[in-house]
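Working notes, structure below.
The values are calculated or read from the model by the stated rules, or taken from the named source; none is laboratory data. Nothing here was measured: the structure is a model prediction, and the numbers come from that model. Ideal geometry is used to build each Cβ from the backbone, glycine not excepted, and the neighbour counts take in all protein chains shown. In case anyone asks, the SASA skips ligands and DNA or RNA and just uses the protein heavy atoms, side chains included. Shrake-Rupley method; radii C 1.70, N 1.55, O 1.52, S 1.80 Å.
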Amino acid sequence: MKRKYFGTNGIRGEINVLFTPAFVSKISAAIAASFQSKGTMIIGSDSRTSSPFIKHGVIASFLASGFEVIDLGIVPTPLVQFAVNNIKADLGVVVTASHNPPEFNGIKVIDSDGIEIDLEKQKQVEDIYEDEEFNLVSWDKNQKVTKLDLKNEYIEQICGFVDRDRIEKKKLCAVIDAGNAVGGLVTPLLLRKLGVKTITINGQLDGRFPGRGVEPSLENLKTMSNSTVISNADFSVAHDGDADRAIFGDETGRVFYGDISIALFQKFILKGERNKKFVTPISSSLIISDIAEEIGGEVIWTPVGCIFVSRKMIQEKNLLGGEENGGLFFAPHQSVRDGPMAAALMAEIIAKSDTSLSELANELPKYHQKKNKINCPNSLKKKVMDFVIDNVQEKVEILTIDGVKLIYPNSWILIRPSGTEPIFRIFVEAKSVDKANTIMEKGLKIVNKAIKSVH
Ligand code: MG
């Protein structure tokens, strides 16, 4: 479904380029009009310098449309989702651009079930925006704005899902890199409540993200890594700009890709459960398939994007899901990615284990991944994918949930058309670096041949 403004995670844009006061008012009035009920809207924002101006623009349009507004202040995205569920609000809006640079901001729209609105609803909002068919009310229908702090309730709920006594007895120490963002308002408090000693770095809110940058990439987490070793901590955790994701490091200072941490969650949380299904996007590592086999579970593949994982989990009543970017979905709490929840669960896994986090990670199967891209006009993308599917010569399992994934024994190639640029992204994974290079060459050859053939 073609959308002009909504991307994978809401609407994002540069301040006073896309996100002007006029755009914010108009798109917010369109969001309000797409919800017929005129009930309660919950709003929260990240720590960006532009968030106050956008937040007040959003609130103005919702008040003008007859909604009552509850303002949670500066909070993580998952806390807004928690609030929508708990207060039974009609919707939530989060003002955030997650991990994008400070000159960006964005809007995530949360449906009444706590999950971001689906593609159909996004399209509906854009149609209302284009047609300017807003639903403004008369003066006597304007409602009020109430401020509400739900941090304690949110933290208490998370604490209720882990073994507090076991964690406390283990006397763990964690380094938290909040990246000058909203995760610093919750995760240190949460872990301390669980009896974990915490050392927080980049803990002060600053919308310019001067500490390590807003993206918890491996290059940005060197200070976290060093602090973990120096302070003899048991693990470290870093969040992105709206704390819906968590990236972990072990006691030796090694920081993991999300694949490693979600595989640990899959292994240790699902082991004792009856429903051992793990929901994850098609780009996730073979480690997930191997763990599923080891614990007698199953992998449910989805298209890339957290909305697809959440909706699949709700649809099939699954307990756990994860993304390679460090997003963890734990259904008993809520079926959306939640960075603080992931931090609490990691503390529990380490507390219940006889060994260190580095050893737990070392026990996982090892794979190597590579990424590449090839230019291709948007008009040819569909034909290229059809050509690839029709012309595969070897015996291989093909998945077409999102792009084309060719699955070989112990390796795979994923060919995905970019939604925003005229390129194909190629992802591969294999047991060794050499094999990953060979299979990447093969992937590039397959796509180049397909582009030439359909031209
Ligand atoms: Mg995020």
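The conditions are (1) free of Cβ contacts under 8 Å to residues at least 60 places away in the same chain; (2) open to solvent by 10 Å² or more (accessible area, probe 1.4 Å); (3) of a type in the set (S, T, N, Q), and Thr280 fails exactly one of them. Which is it?
The single condition Thr280 does not satisfy is (2).
For region 53-75, enumerate the residues that are within 16 Å of the ligand (Cβ to nearest atom) and in contact with a Gly (Cβ under 6 Å, 6 or more places away or on another chain). Outline the logic, then answer.
Going residue by residue through region 53-75, those that are within 16 Å of the ligand (Cβ to nearest atom) are 74-75.
If the condition is that a residue be within 16 Å of the ligand (Cβ to nearest atom) and in contact with a Gly (Cβ under 6 Å, 6 or more places away or on another chain), then Val75 is the only one that fits.
Go through region 245-355 and tell me which helices (runs of 4 or more DSSP H), entirely inside it, have 2 or more residues that are of a type in the set (Gly, Ala, Ser).
Details: elements: 258-270, 286-295, 306-316, 339-352.
Ranges flagged: 258-270, 286-295, 339-352.
Does region 363-401 hold any residues that are in contact (Cβ under 8 Å) with a residue 40 or more places away in the chain, among the aliphatic types (A, V, I, L, M) and either more than 17 Å from Ile426 (Cβ to Cβ) or open to solvent by 50 Å² or more (accessible area, probe 1.4 Å) (or both), and which are they?
Selection gives Leu364, Ile401.
Inside region 12-33, can you point out the residues that are basic (Lys, Arg) and assigned to a helix (DSSP H, G or I)? Step through it out loud before you land on a result.
Filtering region 12-33 down to residues basic (Lys, Arg) leaves 12, 26.
Lys26 - this is the single residue of region 12-33 that is basic (Lys, Arg) and assigned to a helix (DSSP H, G or I).
So Gln36 fits all but one of (1) in contact with a helix residue (DSSP H, G or I) (Cβ under 8 Å, 6 or more places away or on another chain); (2) away from the ligand (no atom under 16 Å from the Cβ); (3) open to solvent by 50 Å² or more (accessible area, probe 1.4 Å); what number is the exception?
All conditions are met except number (1).
Residues checked against (1) of a type in the set (D, E, K, R); (2) within 22 Å of Lys452 (Cα to Cα); (3) in the same structural domain as Leu191 (by TED's automatic domain parsing):
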residue	(1), (2), (3)
Glu348	yes, no, yes
Ser353	no, no, yes
Ser358	no, no, yes
Pro377	no, yes, no
Val388	no, yes, no
Glu397	yes, no, no
Pro409	no, no, no
Ile413	no, yes, no
Pro417	no, yes, no
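With touching a Phe, Trp or Tyr at 6+ places or on another chain (Cβ under 7 Å), of a type in the set (A, V, I, L, M, F, W, C) and outside any strand (DSSP E or B) as the only criterion, which of Ile389, Ile401, Ile415 stands out?
Values: Ile389 fails: touching a Phe, Trp or Tyr at 6+ places or on another chain (Cβ under 7 Å); Ile415 fails: outside any strand (DSSP E or B).
From the options Ile389, Ile401, Ile415, the qualifying one is Ile401.
Any idea which residue in region 298-317 is farthest from Asp118 (Cα to Cα), counting only those that are open to solvent by 40 Å² or more (accessible area, probe 1.4 Å) and free of Cβ contacts under 8 Å to residues at least 24 places away in the same chain?
Glu298
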